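This report concerns only the one structure given below.
Please treat every number below as a calculation from the coordinates, not as lab data. As the structure is a prediction and not an experimental result, all values here were calculated from the model. Counting neighbours? That spans all protein chains shown, and the Cβs are built from the backbone with ideal geometry, glycine included.
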Amino acid sequence: EPDHPPKKGKTMMFLTVLVVVYVVTWLIPPRSRWTQQARWRVALALGMAFAGISHLVMPTPFLQHLPEWAPMRSAVVFASGLVEIAFGVALLLRTSWRPRIGLALAAYLVAVFPANIYVAVASIDVQGQPDGIYAWIRLLFQPLFIRLALWTTGALTRHASPEVTTDRPVTMRSASQV
């Protein structure tokens with residue numbers, strides 16, 4: 001179609017950012033300072049920031065996730081971009097609030113899930129994404145992202161672990177003393 005550029009380059013970008021950042025954090029020495037949880041939290045933080053910036057600089061695909069009848073679509077996309085950037089920054093902070101940030105991020109991911117359902121059910125042509133089954137496959141990843149938000153922030157545990165609240169590395173000595 002003349003009003004849509006060719007579909008390329010954005011397939012599962014959020015997931016791609018998560019995996020690439022995780023691998024990069026694994027390569028950064030000393031590896032013993034990075035727990036799995038911390039690596040995935042950093043990956044999620046940069047993924048959220050990337051997604052939020054994408055909302056601001058390339059709003060069209062995100063506008064297409066909202067029905068035409070939805071009020072203030074541009075404002076919603078802009079605001080959600082700012083929220084996602086804020087979550088990205090908050091996930092990187094050393095804070096005892098991190099489990100609450102994880103709960104808030106999980107709630108946000110649940111809140112935006114209907115937009116992804118809308119795209120799949122209504123077979124919406126989203127700029128930069130493949131047609132067909134892609135929208136349905138994408139739905140399967142949302143629970144994974146929600147779980148990642150909860151796990152990486154310690155929101156799944158009754159009492160946050162020291163790594164979650166202070167980013168202190170867990171060593172063999174400190175782990176055996178617990």
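Convert each backbone phi in the range 118-128 into a coupling constant with the Karplus relation 6.51 cos²θ - 1.76 cosθ + 1.60 (shift: θ = phi - 60°), then list the ³J(HN,Hα) values in order as whole Hz, x for Gly and Pro.
Once θ is set to phi - 60°, the couplings for the range 118-128 become 4, 4, 5, 5, 8, 6, 6, 7, 9, 4, x Hz.
Which value in nm describes the separation of the simple spin-label points at Leu156 and Val19, placed 7 Å from the Cα toward the beta carbon?
Distance between the two pseudo-spin positions: 2.0 nm.
So the label point goes 7 Å from the Cα of Arg33 along Cα→C-beta, right? Which residues of the range 86-101 then have their backbone N under 18 Å from it?
Only 92-95 pass the distance filter.
Taking a ≥ b ≥ c as the square roots of the eigenvalues of the Cα gyration tensor of the range 43-166, is the shape rounded (a/c under 1.5), prolate (a/b larger than b/c) or oblate?
Working: a/c = 2.47, a/b = 1.81, b/c = 1.36.
Prolate shape, in that a/c is at least 1.5 and a/b is the bigger ratio.
Given a cut-off of under 8 Å on Cα pairs at least six residues apart, what relative contact order in percent is computed for the range 2-158?
Working: 188 pairs, mean separation 47.7, N = 157.
Here the relative contact order equals 30 percent.
Starting from 0.36 nm per residue, how many nanometres of slack lie between Tyr118 and Leu92 once their C-alpha separation is accounted for? Show your work: numbers first, answer last.
Details: separation 26, 0.36 × 26 = 9.36 nm, distance 3.14 nm.
Answer, rounded to one decimal: 6.2 nm.
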